[in-house]
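Written below as structure tokens is the structure these notes are about.
The values are calculated or read from the model by the stated rules, or taken from the named source; none is laboratory data. Predicted model, so just to flag it, every value in this text is computed and none were measured. Please note: Cβ atoms are built from the backbone with ideal geometry, for glycine as well, and neighbour counts cover all protein chains shown.
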Amino acid sequence: MTLFDLPDADTLYIALLTRDPSYEGRAWVGVTSTGVFCRFTCPARKPKPENCRWFDSLGACIEAGFRPCKRCQPLKAATDAEPVIEELLTALGERPEHRWCEADVTAMGYDRGTVRRAFKRHFGMSFLELARLERLRRGFEVMSEGGTVLEAGLEAGFSSASAFRARVGALLGMAPGTLSADPLLSIDWIDTPLGPMIAVADGHRLHLLEFMDRKALPTELRKLAEAAKGRLGFGRTAIHDQTARELTAYFDGKRTVFTVPLAYHGSGFYGQVWDALREIPAGETRSYGALATGIGRPTASRAVARANGANQIAILIPCHRVIGADGSLTGYGGGLWRKQRLLEIETDYARAARTESVSQP
């Protein structure tokens with residue numbers, strides 16, 4: 001639960017440059033060029049604005065894949081407030097290869113409920129969730145840099161390469177060993193305020209963009225692997241970078257239209273529906289029936305719904321803007337809570353645009 005609504009990115013960047021202490025404990029910056037997150041009062045050299053990501057909780061920083069800065073020690077406030085946090089984080093740092101469980105917490109003399117509440121209060125996640133996330137993040141970093149599954153598993157602290165394969169396999173729906181070392185389609189993750197997303201791209205177009213916890217993700221990745229004749233693997237392209245920049249601008253309130261080149265994987269009818277989705281202005285919604293009528297197929301509401309559900313490029317192809325005829329949110333692969341939040345963000349866009357047009361002479 002957020003108690004402090006972050007202002008716009010320009011305001012936050014000025015506060016970072018001036019080391020404004022009023023943001024202490026309320027906002028943090030993640031630096032994409034270094035992979036660390038800092039307090040606003042950090043004495044380190046300030047990053048460029050395009051390399052900044054803004055967060056309203058420690059947990060959000062960690063979940064987005066950033067490490068705490070060693071100079072400003074952004075976790076210190078939490079550890080000072082509750083010593084159990086410092087002791088467990090120290091233990092986590094000293095045993096990065098360990099697979100932590102509740103029995104370990106109990107063996108250290110802590111009450112599991114107390115620990116869970118303390119971490120939830122300061123990080124928005126439990127200690128065990130934080131430990132698992134940290135291990136997986138380290139493994140993904142190694143593989144994205146060209147490391148082997150064995151190297152990634154060891155770096156992530158898994159007991160064996162097979163254990164790491166199983167974890168990544170459960171996430172991606174395929175064993176890491178089957179991924180190509182010379183990919184035609186490259187997998188990487190992109191961090192957003194609504195959670196990490198998996199992005200698949202070649203050097204020219206984006207083929208997939210899904211929230212990491214989407215149930216259909218493994219199936220979608222297997223289909224892409226087949227389309228690429230097995231040449232699907234870890235890596236990052238200029239398209240990933242462009243997608244990340246435009247998503248950041250979208251969430252910062254600076255962009256409603258995306259220019260990333262997209263690759264459609266579907267029939268001509270599906271492509272027609274996805275084009276129509278991209279024409280819905282931010283801040284507006286359509287029913288399946290209205291969308292069908294708009295493409296000249298007024299009796300094809302069900303087919304339109306299927307095409308909407310088959311979309312595998314979230315946000316950029318805004319299937320979240322389609323709602324039920326009665327105004328209900330209906331289904332969304334990324335979760336209804338995300339659909340609600342995306343619509344709220346875009347409602348704010350529309351409201352700001354109306355206010356600006358009225359204020360102009």
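Tabulated data
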| item | result |
| --- | --- |
| Residue among Val257, Val304 that is modelled with pLDDT of 85 or more and more than 28 Å from Ala238 (Cα to Cα) | Val304 |
| From Glu102, Glu24, residue being more than 21 Å from the chain's Cα centre (by Cα) and in contact (Cβ under 8 Å) with a residue 40 or more places away in the chain | Glu24 |
| Tally of residues being crowded, with 19+ Cβ neighbours inside 10 Å and either touching an Asp or Glu at 6+ places or on another chain (Cβ under 7 Å) or in contact (Cβ under 8 Å) with a residue 60 or more places away in the chain (or both) across segment 208-223 | 7 |
| Failed item in (1) touching a strand residue (DSSP E or B) at 6+ places or on another chain (Cβ under 8 Å); (2) under 14 Å from Leu184 (Cα atoms), with His204 passing the rest | (1) |
| Only one of Arg45, Arg39 that is farther than 27 Å from Asp213 by Cβ, at pLDDT 85 or above, among the charged types (D, E, K, R) and more than 22 Å from the chain's Cα centre (by Cα) | Arg45 |
| Segment 316-337 residues that are closer than 12 Å to Ala282 by Cα, paired with ones that are among the aromatic types (Phe, Trp, Tyr) (beta carbon under 7 Å, 6 or more apart) | Leu316/Phe258; Ile317/Trp274; His320/Tyr332; Val322/Tyr288 |
| Sole residue being surrounded by fewer than 18 Cβ atoms within 10 Å (Cβ to Cβ) and closer than 22 Å to Thr192 by Cα, chosen from Leu277, Leu329 | Leu329 |
| In segment 90-131, residue modelled with the lowest pLDDT [restricted to those that are acidic (Asp, Glu) and more than 15 Å from Leu58 (Cα to Cα)] | Glu97 |
| Matching residues in segment 224-261 - criterion: being touching a strand residue (DSSP E or B) at 6+ places or on another chain (Cβ under 8 Å), surrounded by 19 or more Cβ atoms within 10 Å (Cβ to Cβ) and either closer than 27 Å to Ser33 by Cβ or in the same structural domain as Val31 (by TED's automatic domain parsing) (or both) | Gly233, Phe234, Gly235, Thr237, Ile239, His240, Thr243, Ala244, Leu247, Thr248, Val260 |
| Condition check for Glu50: in contact (Cβ under 8 Å) with a residue 60 or more places away in the chain and loosely packed, with under 14 Cβ neighbours inside 10 Å | yes |
| Single residue of segment 295-305 satisfying the filter (surrounded by 15 or more Cβ atoms within 10 Å (Cβ to Cβ) and of a type outside the set (S, T, N, Q)) that is nearest to Ile323 (Cα to Cα) | Ala305 |
| Qualifying residue in segment 3-24 (condition: under 24 Å from Glu87 (Cα atoms) and among the aromatic types (Phe, Trp, Tyr)) | no |
| Options Ala310, Ala290, Ala303, Ala282; residue that is of a type in the set (A, V, I, L, M, F, W, C) and in contact (Cβ under 8 Å) with a residue 60 or more places away in the chain | Ala282 |
| Filtered residue count, segment 299-327, keeping only those that are basic (Lys, Arg) and farther than 19 Å from Tyr250 by Cα | 2 |
